[in-house]
1. Mind checking which residues of segment 47-76 are small (Gly, Ala, Ser) and touching a His at 6+ places or on another chain (Cβ under 9 Å)?
2. How about segment 195-274: which strands (runs of 3 or more DSSP E) wholly inside it have at least 1 residues that are within 20 Å of the chain's Cα centre (by Cα)?
3. So the check is Cβ under 9 Å with 6+ separation or different chains; which pairs have a first residue in segment 74-89 that's without any contact (Cβ under 8 Å) to a residue 24 or more places away in the chain and of a type outside the set (S, T, N, Q) and a second one that's in a strand (DSSP E or B) and surrounded by 14 or more Cβ atoms within 10 Å (Cβ to Cβ)?
4. Quick test for you: out of Thr92, Thr143, pick the one residue that is over 19 Å from the mean Cα position of the chain (by Cα) and among the hydroxyl-bearing types (Ser, Thr, Tyr).
5. Under 6 Å between Cβ atoms, at least 6 apart or on separate chains: pull out the pairs that start in segment 209-222 with a residue that is outside the structural domain of Pro84 (by TED's automatic domain parsing) and end on any residue that is of a type in the set (Ser, Thr, Tyr) and at pLDDT below 95.
6. Residue by residue through segment 273-324, note down the ones that are aliphatic (A, V, I, L, M), more than 18 Å from Leu255 (Cα to Cα) and in contact (Cβ under 8 Å) with a residue 12 or more places away in the chain.
7. Kindly indicate whether any position in segment 309-317 is farther than 24 Å from Asn56 by Cβ, among the aliphatic types (A, V, I, L, M) and surrounded by fewer than 18 Cβ atoms within 10 Å (Cβ to Cβ).
8. Considering Ala342, Ala305, Ala299, which residue is of a type in the set (A, V, I, L, M, F, W, C), within 17 Å of Val259 (Cβ to Cβ) and in a loop (DSSP other than H, G, I, E, B)?
Amino acid sequence: MKKTTLNLLLSAFLIGNLSLSAAAQSTDVPQKVEQNGQDEVSSLPVIDAELTVAPNVPAPIKRDYPARVIVKLEALEKIMEIMPKVQFKYWTYNGSTPAPFIRVREGDTVEVHLSNPINSKLPHSIDFHSSAAPDGTAMASNTLPGHTSIYRFKALSPGLYLYHCAAMPGAPTHIGKGMFGLMLVEPKAGLPPVDKEFYIVQNEFYTSGEFGEPGLQVFSSQKASYELPDYVVFNGHFASMMGDKALQAKVGEKLRFYVGNAGPNKVSSFHLIGKTFDTVYVEAGSLKNHNVQTTLIPAGGAMIAETTIPVPGQYTFVDHSIFRTEKGAKGTLMVTGDENPAIFSGKLKDEPYNKRNPDADVSTGFQH
């Protein structure tokens, strides 16, 4: 009996010590991990991110080591024109829609500073599709008026990613009002060199007035819920890359397009009239497709396309859900250089053709 009691006491003593030891270890491990993480970040060189306004893209990354990249964004309400005489109160990061293009390297630690002016009416946040974090960092970045939120995440996956406001309530409205942009996470080995790069984001606007109605327009949540946009535009404005604002290139240059679709509702059928895309990074991931005429970009997604233009002239890019071009989903690429008759002759003749088609004289109420 005494021996049994002694064994029970000894077992209880050992189990208690083991439990205490395990508890101590369980509290030590997170502290060590946290400390190691802080040490790793604090040892990184600090770089201020180059932030560019569309259609401009930051320069390619030349370094071959990770860094702590500081990204400073400010949530700003700004009255701008969707098209001439049509005003809209945009919600933006840093005063532009789309928001600045952010370029980092795989393995970088991205340190975000999000500020919200004291007289803002709402909190704002950021959902980085490039992050590995709950809610895409939306909770960590949730920033009340008169505050600045600072936090970090590691860019683990190379690719092109959307970022957008995800403040609650009404996160879809924040996107619909213009709070979105793109972040490129370059692979560690970098991307193949090209001659020019362009930044394009498609989005829809839903307004209280009809298309082209002048004055300050109010966001229509009813039209947005029914998915009936008044405007479908590139880079936040009607005709943002047309006329004297057209993209410029030369014959033979290798061009790269970083294209996102902020939605908030529609899928984009992105198409360059007159030239296939030589290479498409499907949905901006690692899968490559070649000789693509039109590529799909889901709402909340992106793609990267590369091409070389062999013949000079005006090239129009569109959402090939083609009636959207009337709402603004088109832009122009002007290509200069020597003619190339071996590839395209141009019109050789214009001859009379006198045959009549009887059905052409039947009126159906449509006129050009």
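1. Step one: list which residues in segment 47-76 are small (Gly, Ala, Ser), which gives 49, 54, 59, 67, 75.
Hit for segment 47-76 is Ala75, nothing else.
2. Working: elements: 196-205, 215-217, 231-234, 247-250, 254-263, 268-272.
Hits in segment 195-274: 196-205, 231-234, 247-250, 254-263, 268-272.
3. That search, which allows pairs on different chains as well, returns Lys78/Lys89; Lys78/Tyr90; Lys78/Trp91; Lys78/Thr92; Lys78/Ser96.
4. On the way: Thr92 fails: over 19 Å from the mean Cα position of the chain (by Cα).
Of the residues listed, the single one that is over 19 Å from the mean Cα position of the chain (by Cα) and among the hydroxyl-bearing types (Ser, Thr, Tyr) is Thr143.
5. No pair meets every condition.
6. Our first condition is that a residue be aliphatic (A, V, I, L, M); within segment 273-324, this holds for 273, 280, 282, 284, 287, 292, 296-297, 299, 302-305, 309, 311, 318, 322.
Now drop any that are not more than 18 Å from Leu255 (Cα to Cα), which leaves 287, 296-297, 299, 322.
Hits for segment 273-324 are Leu296, Ile297, Ala299.
7. Residues of segment 309-317 that are farther than 24 Å from Asn56 by Cβ, as a first pass: 310-311.
Now narrow it down to the ones that are among the aliphatic types (A, V, I, L, M): 311.
Checking which are surrounded by fewer than 18 Cβ atoms within 10 Å (Cβ to Cβ) leaves us with none.
The answer is no, given that none of the residues of segment 309-317 is farther than 24 Å from Asn56 by Cβ, among the aliphatic types (A, V, I, L, M) and surrounded by fewer than 18 Cβ atoms within 10 Å (Cβ to Cβ).
8. Working: Ala342 fails: within 17 Å of Val259 (Cβ to Cβ); Ala305 fails: in a loop (DSSP other than H, G, I, E, B).
Every option except Ala299 fails the conditions.
The values are calculated or read from the model by the stated rules, or taken from the named source; none is laboratory data. Since the model is a prediction, treat every value here as computed from it, not as a measurement. For neighbour counting, all protein chains shown are included, and Cβ atoms are generated from backbone atoms with ideal geometry for every residue, glycine included.
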